[in-house]
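Only one structure is covered here, and it is reproduced in the block below.
The values are calculated or read from the model by the stated rules, or taken from the named source; none is laboratory data. All figures in this text were calculated on a predicted structure; none of them were measured in a lab. Backbone-built Cβ (ideal geometry, glycine too); neighbour counts: all protein chains shown. Heavy atoms of the whole protein, side chains included, go into the accessibility calculation; ligands, DNA and RNA do not. Shrake-Rupley method; radii C 1.70, N 1.55, O 1.52, S 1.80 Å.
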Amino acid sequence: RYARPSRWRAALGSPVVAGAAVLALLAGAGAAAAANWLPIFHTERIAPVTLPQADLVALPDLSAYGEVAFTERANVREVGDAATAGQLTGLPVPQVDRLPRGVTGLPTYQVGDRMSAVFTFSEEKARQTAAAAGEPLPPPPAGLDGSQFRLTAGPGVAAVWSQNREVPAMIVARAVAPSAYSSGIPFATAVDYLLTLPGLPENVASQLRGFSGDATTLPLPVNDRYLTATTTQVRGLPATVLTSRDGLLAGVVWVQDGNVTAVAGSLSADEVLSVARELRWHR
């Protein structure tokens, strides 16, 4: 089975595009070492947020509401073997004992460093975005203008079975789960306000409001034009299964011990779940 790269990109959509990404980013990454950062979010589970193509297209960019500055980049790269991947990331490396039908040979290994960014909310930029949408900006809560949110995720490691295809036959990946820290304003206050901003489709906002009081669930935007999302369990933990509507791609993602793990490829949902449930890890 073969899927074009464009189909992967279309199916996955753009998970960090504003609006929904405002929450996904706030709910979305890292560790802050400085004592003046208040921990406001850590990922314990992932839940799908199903969005129509039109809503994804309508979402403004996150920079419409402030400034995003990357302080650490993932620097994804291939390394020589599993041992090197483990040493560079400090993570256990996936080992698959029984490969699905159509997946053969040995994997290559990729690693990524920790990724970190700071989002600074700007009332002025948000007001300009609202004006462009023909709507007034709701009055921000005290302290939000200029507030900063430090976001980091990773490092991560992946085993990749490419088999000389443009699209890998299978990927098994693990990364340190996202967390977020604030320079002061509470998580719920910021999220509740951001979900009222003009430019965010109501269908998106209504789904994300279900997470506004939960500082442990990371929303996963799902483009319903290309993907279906269902929930199941992997190793007794809640998991999200994504399947392309043409049946050519599938993936499963879950959170365990502070790490996000995913299995995906040109496979069926049953095949990725079988791999996920039998995974072992090199230490």
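Consider segment 238-283 and keep the residues that are in a strand (DSSP E or B), free of Cβ contacts under 8 Å to residues at least 40 places away in the same chain and open to solvent by 30 Å² or more (accessible area, probe 1.4 Å). The one that is farthest from Pro168 (Cα to Cα) is Gln256. Of all residue pairs spaced 6 or more apart or on separate chains, those with beta-carbon atoms under 6 Å, a first member in segment 66-78 that is closer than 17 Å to Gln110 by Cβ and a second member that is hydrophobic (A, V, I, L, M, F, W, C) and open to solvent by less than 100 Å² (accessible area, probe 1.4 Å) are Ala74/Met115.
Considering each residue of segment 203-250, count those that are small (Gly, Ala, Ser) and at pLDDT 90 or above, and give that number. Can you show your working first?
As a first pass, look at segment 203-250 and keep what is small (Gly, Ala, Ser): 205-206, 210, 212-213, 215, 229, 236, 239, 244, 247, 250.
Pick out the ones that are also at pLDDT 90 or above and you get 229, 236, 239, 244, 250.
Total meeting the criteria: 5.
Of all residues in segment 105-148, which are open to solvent by 70 Å² or more (accessible area, probe 1.4 Å) and under 30 Å from Gly80 (Cα atoms)? Matches in segment 105-148: Leu106, Arg114, Met115. Scanning segment 227-237 for residues that are closer than 15 Å to Ile46 by Cβ and open to solvent by 30 Å² or more (accessible area, probe 1.4 Å) yields a total of 7. In segment 113-141, of all residues being in a strand (DSSP E or B) and of a type outside the set (Ser, Thr, Tyr), the one that is nearest to Thr196 (Cα to Cα) corresponds to Phe121.
For first residues located in segment 179-192 and in a loop (DSSP other than H, G, I, E, B), partners that are open to solvent by 20 Å² or more (accessible area, probe 1.4 Å) and lie 6+ apart or on another chain with Cβ distances below 6 Å form the pairs Ser183/Gln148; Ile185/Gly143.
Here's a check for you: in segment 88-112, which residue that is part of a strand (DSSP E or B) and touching a His at 6+ places or on another chain (Cβ under 9 Å) is farthest from Ala269 (Cα to Cα)?
Only one residue fits best here, namely Val93.
Condition check for Leu88 on (1) crowded, with 18+ Cβ neighbours inside 10 Å; (2) at pLDDT 95 or above: one failure, at (1). Scanning segment 64-85 for residues that are open to solvent by 90 Å² or more (accessible area, probe 1.4 Å) and of a type in the set (Asp, Glu) yields Glu67, Glu78. Screening Ser206 with (1) farther than 30 Å from Ser162 by Cβ; (2) surrounded by fewer than 17 Cβ atoms within 10 Å (Cβ to Cβ); (3) touching a residue at least 24 places away in the same chain (Cβ under 8 Å); (4) more than 17 Å from the chain's Cα centre (by Cα) gives one miss only, at (3).
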